[in-house]
1. What are the residues in the range 162-187 that are within 16 Å of the ligand (Cβ to nearest atom) and not in a loop (DSSP other than H, G, I, E, B), if any?
2. Within the range 240-295, take every residue that is in contact with a strand residue (DSSP E or B) (Cβ under 9 Å, 6 or more places away or on another chain) and farther than 23 Å from residue 22 by Cα and give me the one that is farthest from the ligand (Cβ to nearest atom).
3. Checking the structure you have, find out if any residue of the range 188-208 is within 16 Å of the chain's Cα centre (by Cα), away from the ligand (no atom under 16 Å from the Cβ) and in a helix (DSSP H, G or I).
4. Check every one of the helices (runs of 4 or more DSSP H) wholly within the range 269-333 and list those with 1 or more residues that are touching a residue at least 12 places away in the same chain (Cβ under 8 Å).
5. Quick one: in the range 18-41, of everything that is away from the ligand (no atom under 11 Å from the Cβ) and within 24 Å of residue 262 (Cα to Cα), which residue is surrounded by the fewest Cβ atoms within 10 Å (Cβ to Cβ)?
6. Answer with yes or no whether residue 187 is in contact with a strand residue (DSSP E or B) (Cβ under 7 Å, 6 or more places away or on another chain) and under 25 Å from residue 149 (Cβ atoms).
7. Please indicate, with yes or no, whether at least one residue in the range 146-161 is outside any helix (DSSP H, G or I) and surrounded by fewer than 16 Cβ atoms within 10 Å (Cβ to Cβ).
8. Name the residues in the range 191-205 that are surrounded by fewer than 19 Cβ atoms within 10 Å (Cβ to Cβ) and modelled with pLDDT of 95 or more, would you?
Ligand SMILES: Cc1cc2nc3c(=O)[nH]c(=O)nc-3n(C[C@H](O)[C@H](O)[C@H](O)COP(=O)(O)O)c2cc1C
């Protein structure tokens with residue numbers, strides 16, 4: 001048997017397959033199935049800043065406190081479904097999940113601004129989470145908002161969350177930063193132990209008949225792997241953090257590529273939502289087989305082996321290669 005074990009955020013994992021934040025952690029029975037299927041760890045779906053604020057506003061009967069646009073934003077929160085579970089129920093559910101499985105469980109907070117809601121980082125720790133993932137999902141649509149101001153707010157938030165907890169902290173972020181290498185380094189300086197690359201943005205579509213904007217949740221494919229693969233390859237060895245790759249992990253080859261880029265874990269949501277948790281043992285068996293055939297003894301041995309620092313042609317990740325690739329298209333019809 002090959003050694004599939006890895007470490008992530010100081011946690012010992014039996015293998016690098018991690019169930020990413022998704023409705024898969026909504027039911028105790030599914031979480032148990034994930035463990036039986038063999039995942040190395042489970043990330044809980046997120047508790048959103050808006051949910052916490054929504055509830056406290058409701059409690060206070062104090063809706064006037066927010067700006068008008070904020071009150072309006074609250075109306076977009078769904079009333080039912082996965083993400084409307086109140087903050088306290090989320091904590092109860094997290095502690096039930098933690099009791100139901102022995103693999104590490106990572107809590108997830110999703111927010112952008114500093115404020116009282118950050119105390120939930122501590123509550124998530126108290127509910128038993130082994131680590132916390134903070135998702136900084138944000139779309140900067142305001143032309144007056146400067147990138148340095150947004151980044152400063154993100155750094156402040158990370159510092160605040162970090163100071164509220166003693167468990168390890170991972171930051172899940174978007175690929176859309178002007179200087180990704182720089183912001184990742186500053187996030188680590190602010191206290192991030194891990195970086196989860198990348199958030200997948202759900203792009204709305206237009207319904208041409210109804211003239212409505214429709215929220216369109218499309219699951220990923222393996223081609224979505226390329227973006228986080230490239231960035232983890234570039235950042236590995238430069239940024240002192242544990243990398244988790246999320247977006248486009250569907251097969252054992254995707255896991256192998258993630259490891260070689262430099263990730264400690266490969267997170268999966270779409271594949272498991274679409275094809276079921278039985279994909280986990282299948283992928284683990286394929287990993288074993290591939291490693292045996294290619295004479296790898298351990299996962300750790302391959303981590304970072306194809307990172308920019310290790311490959312023979314580091315420019316393959318950079319602008320130089322962009323020209324080369326464009327020029328390689330020679331067969332015009
Ligand atoms: C239905 C669904 C719900 C999700 N919920 C969350 C969430 O609550 N918090 C979060 O950080 N990511 C959430 N994600 C994003 C996933 O964790 C993951 O990062 C993304 O789907 C890309 O990975 P994949 O290609 O394996 O699907 C969700 C994804 C899906 C498809």
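1. Passing the criteria: 169, 170, 171, 172, 173, 187.
2. 291
3. Checked against the condition, which is being within 16 Å of the chain's Cα centre (by Cα), away from the ligand (no atom under 16 Å from the Cβ) and in a helix (DSSP H, G or I), the range 188-208 yields at least one hit.
4. 270-275, 279-293, 299-302
5. So the residue we want is 38.
6. Criteria met by residue 187.
7. Looking for residues that are outside any helix (DSSP H, G or I) and surrounded by fewer than 16 Cβ atoms within 10 Å (Cβ to Cβ), one finds at least one in the range 146-161, hence yes.
8. The one that is surrounded by fewer than 19 Cβ atoms within 10 Å (Cβ to Cβ) and modelled with pLDDT of 95 or more: 191.
The values are calculated or read from the model by the stated rules, or taken from the named source; none is laboratory data. None of the values given here were measured: they were computed from a predicted structure. As a convention, Cβ positions derive from the backbone with ideal geometry for all residues, glycine included, and neighbour counts pool all protein chains shown.
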